[in-house]
Amino acid sequence: MATIKFLLQSKSEHSNIYVQYSIARKKVLKRKTGFVINSKNWSVSKGCPILKDEHTKNLKIDLDSLKTKLEIAYNNAVKNGIEITGEWLSEQIDIINNKVPVVELDLLTNYINHIIDNAATRKNQKGGHGLSKNRIKVYQTFHTIILRYEKVLRKKIYLRNIDLRFVRKFTDWLLSDGYAINTIGKFIANIKTVCNDAQLNGFEVSPQLPLIKVINEKKESEEIIYLTFEELEKIEKTLLAKESLVNARRWLILGCYIGQRGSDLLAVTPKNIKQLNGMKALEIEQQKTGKNIAIPLLPKALDIVDNSFPYKIAIQNFNSYIKEICKIAGITTPTSGKIIDIKTNRKVKGIYPKYQLVSSHVCRRSFASNFYGDIPTSVLMGITGHGTESMFLKYIGKSSYDNAYQMVEYFSKMQERAKKPHLSVVKKAL
């Protein structure tokens, strides 16, 4: 059974009073209580002040109160599976002595929840208000990771305790759990964002916070997976027995001709169809960027929205169905890419039949890749939602040289046209 006693470690006039917490035979914790006393007024045998005046009587009351509160804190910690350490003991003493005013938002997990709960009114990177759904999802994933780590630590994580040592141990744990360096870097970046926000709102954080660095490795070039026009034609002509697959194919073809992310594509309804200068277009608000865009409907897309508008489908089912569709259509070319290993839940790079690498993202990338060079890049960027040309080119696996070659080809054609003789009508001679 855990026992508490008080003791001195010096014989001075201002001796610190220590609390000794014996948890087990080999686990004895000792920390300063924050109280001092003249060693002459201390009873070594009883482990308490000698009651000789008002001061020593009040000190005895304070120590008894501290003991009772520490016992309550200990029982609560054991009940909640929190590890009893010297750090825990110091923390409890500070709380009891009101040295550190602890409120709910001092906890990392609670502050993350605070950000999520107030997502609609928080400032975003564009200077407006409201966090995107993707950003909220990032915080939710981060919250889950921290909860898992707290179970490993068997204690709650306070904002003020997030220092270099914490980050090093957190990084080691993530590495041992199989996370990639760049993923770990994102988690550390989230920690810094949360702590900086908390500091701005008056909460105590570690003075080492500015020293915490986000770790990153050079990102491996992303595999460019898209469906060519020829492959799309094969998919269109493939006989499908199930109505669910036929419906998913409509979404797939539509997606490859309007160039939107899966979440935006599957949110489209007939209400999004508008008339734009005499032709039909889709007007949507992109969930990630918040941009309102209008997409002129090309013949393939127009045929679907006019004659066979697909019914609603969950994105998880869409991802599953289009893999099956592509397999039936013979989209099996060996292709480099990554797929999820079910056992480890990690992406594994390798050479796979192309249909295995197809997901909802193939729609946006197919549109951008297939129409690059035929539609002005600035127009494509306006539809796909890319902020810069360099981002767009990287997205479709092109370089600035590809763009330069395109410009050279364009100017060459202009020069050829300029060299050609052209006929003009002259006044007939009398």
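For residue 214, are the conditions met, namely being assigned to a loop (DSSP other than H, G, I, E, B) and either surrounded by 15 or more Cβ atoms within 10 Å (Cβ to Cβ) or out of contact with any Cys (no Cβ under 8 Å at 6 or more places or on another chain) (or both)? Give the derivation first.
Values: assigned to a loop (DSSP other than H, G, I, E, B): yes; either surrounded by 15 or more Cβ atoms within 10 Å (Cβ to Cβ) or out of contact with any Cys (no Cβ under 8 Å at 6 or more places or on another chain) (or both): yes.
It is true that residue 214 is assigned to a loop (DSSP other than H, G, I, E, B) and either surrounded by 15 or more Cβ atoms within 10 Å (Cβ to Cβ) or out of contact with any Cys (no Cβ under 8 Å at 6 or more places or on another chain) (or both).
Out of (1) among the β-branched types (Val, Ile, Thr); (2) surrounded by fewer than 17 Cβ atoms within 10 Å (Cβ to Cβ); (3) farther than 18 Å from residue 287 by Cβ, the odd one out for residue 141 is which?
The number of the failed condition is (3).
For the stretch 3-22, give me each residue that is touching a Phe, Trp or Tyr at 6+ places or on another chain (Cβ under 9 Å) and surrounded by 13 or more Cβ atoms within 10 Å (Cβ to Cβ).
Passing the criteria: 4, 5, 6, 7, 8, 15, 16, 17, 18, 19, 20, 21.
Return yes when residue 72 is among the β-branched types (Val, Ile, Thr), exposed (fewer than 15 other Cβ atoms within 10 Å of the Cβ) and either within 26 Å of residue 158 (Cα to Cα) or in the same structural domain as residue 155 (by TED's automatic domain parsing) (or both) and no when it is not. Don't jump to the end; show me each part of the working.
On the way: among the β-branched types (Val, Ile, Thr): yes; exposed (fewer than 15 other Cβ atoms within 10 Å of the Cβ): yes; either within 26 Å of residue 158 (Cα to Cα) or in the same structural domain as residue 155 (by TED's automatic domain parsing) (or both): yes.
Yes; evaluated as a whole, the condition is true for this residue.
Can you confirm whether residue 339 is under 30 Å from residue 174 (Cα atoms) and touching a Lys or Arg at 6+ places or on another chain (Cβ under 9 Å)?
It is true that residue 339 is under 30 Å from residue 174 (Cα atoms) and touching a Lys or Arg at 6+ places or on another chain (Cβ under 9 Å).
Looking only at residues that are outside any helix (DSSP H, G or I) and surrounded by 10 or more Cβ atoms within 10 Å (Cβ to Cβ) in the stretch 112-127, which one is modelled with the highest pLDDT? Walk me through how you get there before you give the answer.
Step one: filter the stretch 112-127 for residues outside any helix (DSSP H, G or I), giving 118, 122-127.
Restricting the remaining residues to those that are surrounded by 10 or more Cβ atoms within 10 Å (Cβ to Cβ) gives 118, 122-124, 126.
Working: 118: 87, 122: 81, 123: 76, 124: 71, 126: 64.
Only one residue fits best here, namely 118.
Please state which of the following conditions residue 84 fails to meet, knowing it meets all the rest: (1) in a helix (DSSP H, G or I); (2) among the hydrophobic types (A, V, I, L, M, F, W, C); (3) in contact (Cβ under 8 Å) with a residue 24 or more places away in the chain.
(1)
If you check 196, 190, which single one turns out to be touching a Phe, Trp or Tyr at 6+ places or on another chain (Cβ under 6 Å) and at pLDDT 90 or above? Explain how you work it out, then say what you get.
Values: 196 fails: touching a Phe, Trp or Tyr at 6+ places or on another chain (Cβ under 6 Å).
The match here is 190.
State which residue pairs qualify: first residue on the phi > 0 side of the Ramachandran plot and among the small types (Gly, Ala, Ser) and inside the stretch 127-138, second residue surrounded by fewer than 16 Cβ atoms within 10 Å (Cβ to Cβ) and not in a loop (DSSP other than H, G, I, E, B) in any location, beta carbons under 6 Å apart, and separation of 6 or more residues or different chains.
The qualifying pairs are 130/120.
Failed condition for residue 348, given (1) touching a Lys or Arg at 6+ places or on another chain (Cβ under 7 Å); (2) touching a residue at least 60 places away in the same chain (Cβ under 8 Å); (3) part of a strand (DSSP E or B), with all others met?
(2)
Search the stretch 87-111 for residues being outside any helix (DSSP H, G or I) and at negative phi, and hand back the single one that is surrounded by the most Cβ atoms within 10 Å (Cβ to Cβ).
Here the answer is 107.
Taking the stretch 299-344 only, how many residues are under 22 Å from residue 261 (Cβ atoms), basic (Lys, Arg) and in a helix (DSSP H, G or I)?
Filtering the stretch 299-344 down to residues under 22 Å from residue 261 (Cβ atoms) leaves 300-302, 304-305, 309-326, 331, 335, 337-340.
In the following step, the residues that additionally are basic (Lys, Arg) were identified as 300, 312, 323, 338.
Restricting the remaining residues to those that are in a helix (DSSP H, G or I) gives 300, 323.
Total meeting the criteria: 2.
The values are calculated or read from the model by the stated rules, or taken from the named source; none is laboratory data. Note that this is a predicted model, so its numbers are computed, not measured. Note: ideal-geometry Cβ built from the backbone for every residue, glycine included; neighbour counts use all protein chains shown.
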